[in-house]
Amino acid sequence: MSDEEFNEETWTYIGRRTRYGSDKLCYCYLDEQGLERSFAKGKIGVIGGRYKALVKHDGDRVLVRGTFKYVDDGDRSENDPVILEWLTQDNAAYDLDYARRAEQRDIKKMRALGNLTLDELSQAMRKLSGDERRAMLLRVFEYLMRY
């Protein structure tokens, strides 16, 4: 594809969302037609901020070449109800992603517990502070209850 097929458009970043039938985060923009466009990879931008990109429309698909470049158009108000709604959705998506990742970490820790000998577990417990020790004991009990 040549650069002639791509046109510069200005899109609005509306924050992170969960898409694609999973809990994974994606980065969402409103295109010039007001349609929400989601991308699996990207950077966190200014919610409500305007960004320019080289874009090609191919039916329902949209191809973006390069990266989004921030355009400071000066008309963004953080008290705008629409932007506040986008911020709320962004925070909810981040919280869901954080919880999903924490659960995955806990699952990995539980699997690792099954591979420890009693001596290794005892040594690990000695290195932990009071709260960490309690959390580890809870994980050990959860592991024992499951298996």
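The values are calculated or read from the model by the stated rules, or taken from the named source; none is laboratory data. Not measured: the values here are computed from a predicted model. Cβ atoms come from the backbone with ideal geometry, glycine included; neighbour counts cover every protein chain shown.
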| field | Count of residues meeting criterion [at pLDDT below 85, small (Gly, Ala, Ser) and within 25 Å of Glu132 (Cβ to Cβ)] in the range 67-116 | value | 3
| remark: Filtering strands (runs of 3 or more DSSP E) wholly in the range 1-62 for at least 3 residues that are modelled with pLDDT of 85 or more and farther than 22 Å from Glu85 by Cα gives 7-18, 50-58
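Given the condition under 23 Å from Thr18 (Cβ atoms) and surrounded by 11 or more Cβ atoms within 10 Å (Cβ to Cβ), answer yes or no: does some residue in the range 122-138 qualify? Steps first, please.
Filtering the range 122-138 for residues under 23 Å from Thr18 (Cβ atoms) gives none.
The answer is no; no qualifying residue exists.
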| note | Thr67 fails exactly one of (1) of a type in the set (Ser, Thr, Tyr); (2) loosely packed, with under 14 Cβ neighbours inside 10 Å; (3) not assigned by TED's automatic domain parsing to the domain that holds Asn7, namely (3)
| Taking Leu96 and the conditions (1) loosely packed, with under 14 Cβ neighbours inside 10 Å; (2) part of a helix (DSSP H, G or I); (3) touching a residue at least 40 places away in the same chain (Cβ under 8 Å), which numbered condition does it fall short on, given that it satisfies the others? | (1)
| task | Can you tell me which residue within the range 25-54, out of those that are under 18 Å from Asn91 (Cβ atoms) and of a type in the set (A, V, I, L, M, F, W, C), is surrounded by the fewest Cβ atoms within 10 Å (Cβ to Cβ)? | result | Ile44
| field | Residues that are among the basic types (Lys, Arg) and closer than 17 Å to Ile14 by Cβ, drawn from the range 45-68 | value | Arg50, Lys52
